[in-house]
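These notes are about the structure you will find just below.
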Amino acid sequence: MLVDDIEINIEIAKYMLEDVGVTVTCVENGQLALEQFQNHGAGSFDVILMDIKMPVMNGLDAAKAIRALNRSDAKTIPIIAMTADAYDEDVRRAREAGMNGHLAKPIDIGLLYRTLDELYHRPKA
């Protein structure tokens, strides 16, 4: 799932992801991301790429809400921040909210692909 409130950001990231065969569901804010996650069965999404600053519900609050859900994948789905907020403090807040990683905008395509590759080739605990 790709979560961002800026249409051009969605278009660019969606293109990058679809270019390597990823099926992308796009939503415009954290509340919609939470609803999408809740309304689809466990395992429906492999990863959530989420902006931090959005209207209605920001990415930090959305990540916390997803992690608090009582379902099997809520604690384990990778949630990656994709945001212009790139200071150490921003990375720390993303981790504290339950996010697994942080990608600064503008998105480095190679770093995006490496991050996704690491998520899917990391040994399971």
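The values are calculated or read from the model by the stated rules, or taken from the named source; none is laboratory data. Here the structure is a predicted model, which is why all the values come from computation and not from measurement. Note: ideal-geometry Cβ built from the backbone for every residue, glycine included; neighbour counts use all protein chains shown.
Condition check: under 17 Å from TYR15 (Cα atoms) and without any contact (Cβ under 8 Å) to a residue 60 or more places away in the chain. Does GLY110 satisfy that? First the steps, then the outcome.
Working: under 17 Å from TYR15 (Cα atoms): yes; without any contact (Cβ under 8 Å) to a residue 60 or more places away in the chain: yes.
So GLY110 fits the description; yes.
Among the residues of region 63-103, the ones that are under 23 Å from VAL22 (Cα atoms), touching a Phe, Trp or Tyr at 6+ places or on another chain (Cβ under 9 Å) and of a type in the set (A, V, I, L, M, F, W, C) come to 3 in all.
From the list VAL56, VAL91, which one is at pLDDT 95 or above and β-branched (Val, Ile, Thr)? Even if it seems obvious, please write down each step before you answer.
Details: VAL91 fails: at pLDDT 95 or above.
That would be VAL56, the only listed residue that is at pLDDT 95 or above and β-branched (Val, Ile, Thr).
Restricting to region 74-125, count the residues that are under 24 Å from GLU35 (Cβ atoms), in contact with a Lys or Arg (Cβ under 7 Å, 6 or more places away or on another chain), surrounded by fewer than 17 Cβ atoms within 10 Å (Cβ to Cβ) and among the hydrophobic types (A, V, I, L, M, F, W, C). Summing the residues that are under 24 Å from GLU35 (Cβ atoms), in contact with a Lys or Arg (Cβ under 7 Å, 6 or more places away or on another chain), surrounded by fewer than 17 Cβ atoms within 10 Å (Cβ to Cβ) and among the hydrophobic types (A, V, I, L, M, F, W, C) in region 74-125 gives 1.
Going through LEU34, LEU49 one at a time, which residue ends up being closer than 15 Å to ILE77 by Cα, of a type outside the set (Phe, Trp, Tyr) and either part of a strand (DSSP E or B) or in contact with a Pro (Cβ under 7 Å, 6 or more places away or on another chain) (or both)? Testing whether each residue is closer than 15 Å to ILE77 by Cα, of a type outside the set (Phe, Trp, Tyr) and either part of a strand (DSSP E or B) or in contact with a Pro (Cβ under 7 Å, 6 or more places away or on another chain) (or both) leaves just LEU49. Across region 59-93, the qualifying residues are those that are in a loop (DSSP other than H, G, I, E, B) and of a type in the set (D, E, K, R), and the one among them that is farthest from TYR113 (Cα to Cα) is ARG71.
Matching residues to (1) out of contact with any Gly (no Cβ under 6 Å at 6 or more places or on another chain); (2) surrounded by fewer than 16 Cβ atoms within 10 Å (Cβ to Cβ):
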{"residue": "ASP5", "(1), (2)": "yes, no"}
{"residue": "ILE10", "(1), (2)": "yes, no"}
{"residue": "ASN29", "(1), (2)": "yes, no"}
{"residue": "LEU34", "(1), (2)": "yes, no"}
{"residue": "GLY41", "(1), (2)": "yes, yes"}
{"residue": "PHE45", "(1), (2)": "yes, no"}
{"residue": "LYS53", "(1), (2)": "yes, yes"}
{"residue": "ASN58", "(1), (2)": "no, no"}
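From the list ILE48, ILE6, ILE52, the lone residue that is out of contact with any His (no Cβ under 8 Å at 6 or more places or on another chain), under 22 Å from ASP117 (Cβ atoms) and in contact (Cβ under 8 Å) with a residue 40 or more places away in the chain is ILE48.
From the residues in region 94-119 that are assigned to a helix (DSSP H, G or I) and within 13 Å of the chain's Cα centre (by Cα), which one is modelled with the lowest pLDDT? Step through it out loud before you land on a result.
We begin by selecting, within region 94-119, every residue assigned to a helix (DSSP H, G or I); these are 94-96, 109-119.
If we keep only those that are within 13 Å of the chain's Cα centre (by Cα) as well, we get 94-95, 112, 115-116, 119.
Values: ALA94: 95, ARG95: 95, LEU112: 91, THR115: 90, LEU116: 88, LEU119: 79.
Per the stated criteria, the residue is LEU119.
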